[in-house]
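Have a look at the structure below before the remarks.
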Amino acid sequence: MIIAEVSIFPLGMGMSSVSEYVKVAIRELEASGLKCTPGTMGTTIEAETSDEAYAAIARAQAAVFELGAGRAYTVIKMDERRDVESRSVEDMMYSVRDRNAR
């Protein structure tokens with residue numbers, strides 16, 4: 001199971017707001033069929049394989065370029081677990097919260 005947080009945004013656009021570019025990237029991630037959770041600093045995706053995650057990220061980055069960006073900055077943080085089946089973001093959060101409650 002892959003859980004990744006992805007941030008994609010254009011550079012050198014001469015403007016302080018990049019929300020339109022972020023929106024198309026998120027839209028493309030959601031269109032991939034992967035579970036996506038947009039956040040303030042990135043979008044969390046859940047995939048079965050790293051190839052599946054990278055393909056969705058590549059499509060999201062391409063969408064930013066198609067909107068007119070000449071350069072895109074992409075940050076990927078990825079956790080791959082092969083020792084546990086089907087561990088979701090919610091499972092991870094529950095585990096952290098459960099440990100903090102003790």
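Derivation of every value follows stated rules applied to the coordinates shown; laboratory data play no part. A quick note: this is a predicted structure, and the numbers were derived from the prediction, not measured. No Cβ is skipped: glycine too gets one built from the backbone with ideal geometry, and neighbour counts run over all protein chains shown.
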Checking Ala69 against (1) buried (at least 17 other Cβ atoms within 10 Å of the Cβ); (2) within 14 Å of the chain's Cα centre (by Cα); (3) not hydroxyl-bearing (Ser, Thr, Tyr): exactly one of these is not met. Which one? (2)
Let me spell it out: the conditions are (1) surrounded by 13 or more Cβ atoms within 10 Å (Cβ to Cβ); (2) in contact with a strand residue (DSSP E or B) (Cβ under 7 Å, 6 or more places away or on another chain); (3) closer than 11 Å to Ile8 by Cα, and Glu30 meets all of them except one. Which number is the exception? (3)
Restricting attention to the range 3-23, the residues that are hydrophobic (A, V, I, L, M, F, W, C), out of contact with any Lys or Arg (no Cβ under 7 Å at 6 or more places or on another chain) and crowded, with 19+ Cβ neighbours inside 10 Å number exactly 4
